[in-house]
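Following: one structure in structure tokens, then a few remarks.
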Amino acid sequence: VHSTSDFPFILGQAFNRVIENAYEMVDPTFHEFSREMPFNDFRDHEVIRPDNFPTLKKVGENGEIKFGTFGENKETIALASFATAISISRQLMVNDSMGAIASILENAATDAKAAIQQEIQNLQEQLSSKVNELEQQLSDHVPRIPNFNTYRTSKAFVVEYRWIPEMEASKSLFGGFLTVNVQKPKEALQVLSKLHRPFDTSQKTQFGVDASFTNFSVEIKELIRVSFESLKFSTGSGKKADVKVVMAEDDSIVFLGPLSFVNQLQNLIPSNGFADGPYIKLSPSGVKAGFDLAIPSVEIGVCTIANMTLGAGVHLPFTGAPLTLQFNFCKREAPFLLTVSAFGGGGFFLMKTSVKGFVGMEAAFEFGAALSMNFGVASGGVSVMGGFYFSMEIVDDHTETILTGYIRINGYLSILGIISLSIEIYLAFVAMFQNGKVEKLYGEAIVKVKVEVLFFSKTVTLTARRELKGADADPTFQMIMEENDWLEYCQAYA
């Protein structure tokens, strides 16, 4: 049972509940740009924060850049209470037939929210004024840097710097062996660095770099010219490095000098082969991109060329090694096949080069004839192939060359599928050169015989190798005989 003395307390609780509910219905906005700090009392609390950035000072041509210091600034923060008391008489409550008291309570909650929003708006204006003042100070003290830009968005402070160096239209390297041609030297190379600092302290600062090199070509004297539409590189905070190479639409790869015959296959090379080709491999050490294109078989009378492929690739390492280009017509493990009536052969070609110069080349070709017979109870065949293998490679500033000529004879005989006999004879002559001088000459012969009878099989292999003397690398008489020993030898027979 409540008495009349409890009525003010009950009424006050009801009013507070109505005001609190109305207050909570309004969505606060200050959480977006402020952070909470817990306090357990209403006493003053000191907060330490870094002082302003030190003033930049002018530096002469040979002047010394001196260190600045960051000071500390102390602020005092304390909790405060905001409240307003209202008095409602009994007569007002009795006469309130229009619900005025409830309206007053709701308006009071709305006014409280409006007061807080006004305080927040005033704080935002003060912060904006401080930021503008700091920008003005930086503008007055910092010299204007070309292509350097700073601006603010609604959520972050952004700093950008674009580097656009002026390049040479044509630059020859390594004594004219390598030439880089640029169509628009004033804008071909661009590097954009961007720093994005959010106002929300819970978010991390983002940094990114985008670089592009457009409309240029790399020419290796009397060998190959590769034209690029663009070479783009992108990296930044929280993402992997991305590299994209786009070849020129017209004459992306042109072979020069002794390799000009390959230009007849130029129309089969896709202009975007390096950007959207069959393979793009990214790794921490670099990026590889390229394609392998199958060429349809060609038949001209009794001549047939099949199993042809055309491949190209580019390797851009992140380790500081030079960019490497590779071109191949067929491969060692999959050579092209040439057939002319009863004769046949095949071969392949591979070349590698880099921005520093020629890296290596490999080629092989063989040709021969084959004959097979079948008499019902017995069948057999024989083939004779001859060819050459050539390899040139730059190793530690030395040119290593291998030239091999060989003959391979194969024969087989099968009787009722029970007894089988096969023989292979391989003869090769190998010459190894280093910097144009003969390093080693040797001949090699291999005879392999295989016999199969039902489930029994036996293979015998004989190998002979003979190294020839008289190579440029062999020691001369002067190198193995000292002058005093030779004079002593001559005096013994004087």
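Residues considered: 245, 209. Of these, the only one that is buried (at least 18 other Cβ atoms within 10 Å of the Cβ) and hydrophobic (A, V, I, L, M, F, W, C) is 245. Checked against (1) under 30 Å from residue 415 (Cβ atoms); (2) touching a residue at least 12 places away in the same chain (Cβ under 8 Å); (3) among the hydroxyl-bearing types (Ser, Thr, Tyr), residue 389 passes all but a single condition, namely (1). In the set 218, 209, 245, only one residue is closer than 29 Å to residue 326 by Cβ, over 15 Å from the mean Cα position of the chain (by Cα) and part of a strand (DSSP E or B); that residue is 218.
Summed over region 33-57, residues that are part of a loop (DSSP other than H, G, I, E, B), modelled with pLDDT of 80 or more and of a type in the set (D, E, K, R) total 3. Taking region 302-397 as the region of interest, the strands (runs of 3 or more DSSP E) fully inside it that hold 2 or more residues being aliphatic (A, V, I, L, M) are 303-306, 308-317, 336-340, 343-354, 357-374, 378-395. Would it be correct to say that residue 417 is surrounded by fewer than 16 Cβ atoms within 10 Å (Cβ to Cβ) and assigned to a loop (DSSP other than H, G, I, E, B)? So residue 417 fits the description; yes.
With respect to residue 446, determine if the residue is part of a strand (DSSP E or B) and either of a type in the set (Lys, Arg) or at pLDDT 85 or above (or both). Against the criterion (part of a strand (DSSP E or B) and either of a type in the set (Lys, Arg) or at pLDDT 85 or above (or both)), residue 446 qualifies. The set of residues in region 181-206 that are touching a residue at least 60 places away in the same chain (Cβ under 8 Å) and open to solvent by less than 40 Å² (accessible area, probe 1.4 Å) is empty. Condition first: within 25 Å of residue 253 (Cβ to Cβ), modelled with pLDDT of 80 or more, among the hydrophobic types (A, V, I, L, M, F, W, C) and in contact with a Cys (Cβ under 9 Å, 6 or more places away or on another chain). Can you find one or more residues in region 354-373 that meet it? Checked against the condition, which is being within 25 Å of residue 253 (Cβ to Cβ), modelled with pLDDT of 80 or more, among the hydrophobic types (A, V, I, L, M, F, W, C) and in contact with a Cys (Cβ under 9 Å, 6 or more places away or on another chain), region 354-373 yields no hits at all. I'm trying to understand the selection: among the residues of region 192-218, which are under 27 Å from residue 285 (Cβ atoms) and either modelled with pLDDT under 85 or of a type outside the set (A, V, I, L, M) (or both)? Of everything in region 192-218, those that are under 27 Å from residue 285 (Cβ atoms) and either modelled with pLDDT under 85 or of a type outside the set (A, V, I, L, M) (or both) turn out to be 193, 194, 206, 207, 208, 210, 212, 213, 214, 216, 217, 218. There is at least one residue in region 390-407 that is over 30 Å from residue 180 (Cα atoms) and open to solvent by less than 30 Å² (accessible area, probe 1.4 Å).
The values are calculated or read from the model by the stated rules, or taken from the named source; none is laboratory data. In this text the structure is predicted, and so the values were computed from the model without any measurement. Here the Cβ is made from the backbone with ideal geometry for all residues, glycine too, and neighbour counts use every protein chain on show. The protein model used for the area step is the full one, side chains on, heavy atoms only, and it has no ligands, DNA or RNA in it. Shrake-Rupley method; radii C 1.70, N 1.55, O 1.52, S 1.80 Å.
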